[in-house]
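Structure, as structure tokens:
The values are calculated or read from the model by the stated rules, or taken from the named source; none is laboratory data. Because the structure is a prediction, the values reported are computed rather than measured. Heads up, the Cβs are rebuilt from the backbone with ideal geometry, glycines too, and the neighbour counts pull from every protein chain shown.
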Amino acid sequence: MNPQDPRLGELRELFLAAPESTQVQIMAWIAAGSLFVLVAWLVRRRSLTAEYTPIWMGLALGLVVASVDLTVLRALARTLGAWTLSSTVFFLGEVFLVAICLNYAVRISQTGLRVRKLAQETAILRGRLEELEARGRPDGSAQLPAG
Amino acid sequence: MAHTDAVTVLLPAFEEAERIVEVLRAVAQAVPGAQLVVVDDGSRDATAEVARRAGARVLRHPFNLGYGAALQTGYKDALARGAMWLVQMDADGQHDAADLEALLRPLREDRCDLVIGSRFVAPSDYEMGALRRTGRRLFELLGRLSGLEVSDPTSGFQAMNRRVLALYGEDFFPADYPDIDVLVMARRRGIRILEVPVSMRASPRRSTLHGGLRVPYYAYKMLLSWWAAVGRRRRP
């Protein structure tokens, strides 16, 4: 097949202009609604703190908006050189997942550093406390319970 | 500052209850009056109790943080307590306490800020496996590429002054294996580094680096850390 064949361009336009089925829109709304409810439930049972919710709520809202009006999604698909709207959604989903994983890796690194500093500080303070306790005992021994 | 101890000897330890008493005894004889500090990195055996009974000041991590983190706890403590010089050595008896004075001398004479006990500046019968030898050559090369002439960059037998203690207390110091990346960083921050010959025995423990994906991870991590250290802007 000749990639320069003008019919290919026409075929691609045909794919992109094809209206999405109602089922697809309903699926998108269900997915968005489920995500919204899940996030709210996790916040309520304190498994997720509110500060981490905007990105997921934004994603749910984006899903609803994208499924109601396909103009933006079509424009994006044309820019990316995609053939179908669904492949564009999958691609954007992957980009989102990579970005969110990287973001959490950075947060975990920062948290790890903080935990290390706290543990070191604990060890140093415990050492001082044991030393002070030892000074106050006649036999000079001091030992705090482990843990 | 609680009180000033001129020399601190730091021994990071993980499950060394069987060997540490002998090491502490040898250190106390070699450097009388030195403050002996054992950082117990979350051992499940009696390392902390045994070391305390042997006269060491013991700092206990609530859980295992890694060799580098254990060293850093000792640096931070020594800095806060006003130690002038610190010597770090392994708690498993690999390093010879008879070399402690040789490491401290250049610091006392203010000829440098950091002294590395090297197995390779003088003829030595220390035997290394092929993997370690290759790693050492690689780190030596990386050091040279960044203007650092060190023959034994993986040596854990080092002595330092307060300037280095302050630097090593910073966040860049790795929690696992501080090697060539840390030395490059020190050099770039103007630390004067010197090597002195020391003798070392083979560690009685099986290397923590052996097995699985640890060796390739270590090589990868070291290359990345070295690159990051070289890429950072020089600071006075």
Within the range A:31-63, residues under 19 Å from A:L92 (Cβ atoms), without any contact (Cβ under 8 Å) to a residue 24 or more places away in the chain and among the hydrophobic types (A, V, I, L, M, F, W, C) come out as A:W56, A:M57
Selection within the range A:25-80 - within 26 Å of A:E13 (Cβ to Cβ) and outside any helix (DSSP H, G or I): A:D69, A:L70
For A:R44, are the conditions met, namely being at negative phi and either touching an Asp or Glu at 6+ places or on another chain (Cβ under 9 Å) or away from chain B (no Cβ under 13 Å) (or both)? yes
Strands (runs of 3 or more DSSP E) enclosed by the range B:20-130 - at least 3 residues per element that are within 24 Å of A:L129 (Cα to Cα): B:35-40, B:57-60, B:85-88
Suppose the filter is of a type outside the set (V, I, T), under 22 Å from B:F172 (Cα atoms) and out of contact with any Cys (no Cβ under 6 Å at 6 or more places or on another chain); does B:A98 pass it? no
Between residues in the range B:40-63 that are under 16 Å from B:K76 (Cβ atoms) and residues that are charged (D, E, K, R) and assigned to a loop (DSSP other than H, G, I, E, B), which pairs lie under 6 Å by C-beta distance while being six or more apart or on different chains? B:H61/B:D41
Condition (residue is under 13 Å from A:L85 (Cβ atoms) and part of a loop (DSSP other than H, G, I, E, B)) applied to the range A:2-18: is it met by at least one residue? yes
So, in the range B:137-156, how many residues would count as being assigned to a loop (DSSP other than H, G, I, E, B) and aliphatic (A, V, I, L, M)? 2
Output the qualifying pairs, or none if there are none: Cβ atoms under 6 angstrom, residues six or more apart or on different chains, first residue in the range B:79-92 and surrounded by fewer than 19 Cβ atoms within 10 Å (Cβ to Cβ), second residue polar (S, T, N, Q). B:G82/B:T4
Which residue is nearest to the chain's Cα centre (by Cα), if the candidates are limited to the range B:147-163 and must be touching a residue at least 60 places away in the same chain (Cβ under 8 Å) and either within 14 Å of another protein chain (Cβ to nearest Cβ) or crowded, with 18+ Cβ neighbours inside 10 Å (or both)? B:G156
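For the range A:45-89, name all the residues that are under 25 Å from A:R107 (Cα atoms) and of a type in the set (F, W, Y).
Within the range A:45-89, A:Y52, A:W56 meet the criteria.
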Quick check on the range A:114-136. Is at least one of its residues farther than 30 Å from B:D40 by Cα, more than 14 Å from chain B (Cβ to nearest Cβ) and at pLDDT below 95? no
